[in-house]
Amino acid sequence: GALAIGVYGASLVSWWGLVFIGIGGFLVPAYNLEWFDGRFHTDLWFAVMWGGFPALAGGFSQTGRIDLPILLVSAGCGYVAAAQRRLSTPVRRLRRRTTSVHGSITDENGTNETIDVAMMTAAPEGALRLLWIAMVLLAAGLVITRWP
């Protein structure tokens, strides 16, 4: 479905959009299905495919060109996706494969805090919640700036 919408969009904006469709049509299943022994299922490719590439394709579809602002937004989205992946990977490990966590943190005043899965996941999950809101706001702002 997405490929069909892309072809239609390319017919309206620029046939160069077919390049994005071809690249995306390859990269999405290559990542998700772990083709080529998982070479595309890495943190780098996650950042490119779920952050930078969609922003680049979206910018091109809005303007019919690739310029410095689009490249900067695309790079920024790639870095946000990389941060999201960096935060979610250890949380996913704790949630899926960890059977127990033991320990405590003692402050200089003698206060003890127990280390458990909830404590170890609270900060990264909070940051992830903020990141998705930030991306929605960023996308909304970019759409509004392009609104006729």
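Would you mind stating whether R93 is open to solvent by less than 50 Å² (accessible area, probe 1.4 Å), among the charged types (D, E, K, R) and at pLDDT 90 or above? Judged against the criteria, R93 is not a match. For the residues G126, G103, G76, the requirement of being at pLDDT 90 or above, touching a strand residue (DSSP E or B) at 6+ places or on another chain (Cβ under 8 Å), small (G, A, S) and over 25 Å from I5 (Cα atoms) singles out G103. Among residues belonging to region 24-51 that are over 17 Å from the mean Cα position of the chain (by Cα) and of a type in the set (D, E), point out the one that is farthest from W132 (Cα to Cα). Checked region 24-51; the qualifying residue farthest from W132 (Cα to Cα) is D37.
Regarding region 61-79, can at least one residue be identified that is surrounded by fewer than 18 Cβ atoms within 10 Å (Cβ to Cβ), among the aromatic types (F, W, Y) and under 19 Å from V136 (Cβ atoms)?
Taking every residue of region 61-79 in turn, at least one turns out to be surrounded by fewer than 18 Cβ atoms within 10 Å (Cβ to Cβ), among the aromatic types (F, W, Y) and under 19 Å from V136 (Cβ atoms).
Scan region 33-57 for residues that are open to solvent by less than 90 Å² (accessible area, probe 1.4 Å), in a helix (DSSP H, G or I) and free of Cβ contacts under 8 Å to residues at least 12 places away in the same chain and the total you get is 1.
Please determine, by comparing only the residues of region 103-121 that are farther than 28 Å from Q84 by Cβ and either out of contact with any Ser or Thr (no Cβ under 8 Å at 6 or more places or on another chain) or not hydroxyl-bearing (S, T, Y) (or both), which one is most open to solvent (accessible area, probe 1.4 Å). Steps first, answer last, please.
Step one: list which residues in region 103-121 are farther than 28 Å from Q84 by Cβ, which gives 104, 106-112.
Next, from what is left, pick out any that are either out of contact with any Ser or Thr (no Cβ under 8 Å at 6 or more places or on another chain) or not hydroxyl-bearing (S, T, Y) (or both): 106-112.
On the way: T106: 87, D107: 82, E108: 196, N109: 118, G110: 47, T111: 72, N112: 104 Å².
Within region 103-121, the match that is most open to solvent (accessible area, probe 1.4 Å) is E108.
Just one of the numbered conditions (1) in contact with a strand residue (DSSP E or B) (Cβ under 7 Å, 6 or more places away or on another chain); (2) under 21 Å from L27 (Cβ atoms); (3) of a type in the set (D, E) is not true of D43: (1).
The values are calculated or read from the model by the stated rules, or taken from the named source; none is laboratory data. This is a predicted model, so every value here is computed, not measured. Virtual Cβ from ideal backbone geometry, glycine too; neighbours counted across all protein chains shown. Surface areas here come from the heavy atoms of the whole protein model, side chains and all, with no ligands, DNA or RNA. Shrake-Rupley method; radii C 1.70, N 1.55, O 1.52, S 1.80 Å.
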